[in-house]
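Trainee: First, the structure itself, so that you have it in front of you.
Readers should treat all values here as calculations from the given coordinates under stated rules, not as data from a laboratory. This structure is a prediction, so every number in the text was calculated from the model and none was measured. All Cβ positions, glycine included, derive from the backbone under ideal geometry; neighbour counts span all protein chains shown.
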Amino acid sequence: METVLLQINNHKAYRLLEELEDLSIITVLNKSIESTQKLSEKYAGKLPTDIADELQNYVSQGRDEWNNRSI
């Protein structure tokens, strides 16, 4: 037997896989559960404060330069 990793792009495809599993043609090994956690909560506190401040300053400077450009 061979193990394959799939990305499901359509709910119909997932239903088809479930039907194949019911027929004992395939076995679904791991059903992923979508996280309802916000990205801001997930990554909160992951960057050291000094690096986060540096990044925020860099982004702010870039936005200021963009807004003050003369075209």
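Trainee: For the condition in contact with a helix residue (DSSP H, G or I) (Cβ under 8 Å, 6 or more places away or on another chain) and either surrounded by fewer than 10 Cβ atoms within 10 Å (Cβ to Cβ) or of a type in the set (Lys, Arg) (or both), what is the one hit in Thr27, Thr36?
Mentor: Just a single option satisfies the conditions, and that option is Thr27.
Trainee: How many residues does the stretch 42-71 contain that are surrounded by 10 or more Cβ atoms within 10 Å (Cβ to Cβ) and of a type in the set (Asp, Glu)?
Mentor: Qualifying residue count, the stretch 42-71: 3.
Trainee: Which of (1) of a type in the set (Ser, Thr, Tyr); (2) assigned to a helix (DSSP H, G or I); (3) touching a Leu at 6+ places or on another chain (Cβ under 9 Å) is the odd one out, the single condition Thr3 does not satisfy?
Mentor: (2)
Trainee: Given (1) assigned to a helix (DSSP H, G or I); (2) among the polar types (S, T, N, Q); (3) over 22 Å from the mean Cα position of the chain (by Cα), identify the lone condition not met by Ser24.
Mentor: (1)
Trainee: When you go through (1) on the phi > 0 side of the Ramachandran plot; (2) within 17 Å of the chain's Cα centre (by Cα) one by one for Ala44, which number turns out not to apply?
Mentor: (1)
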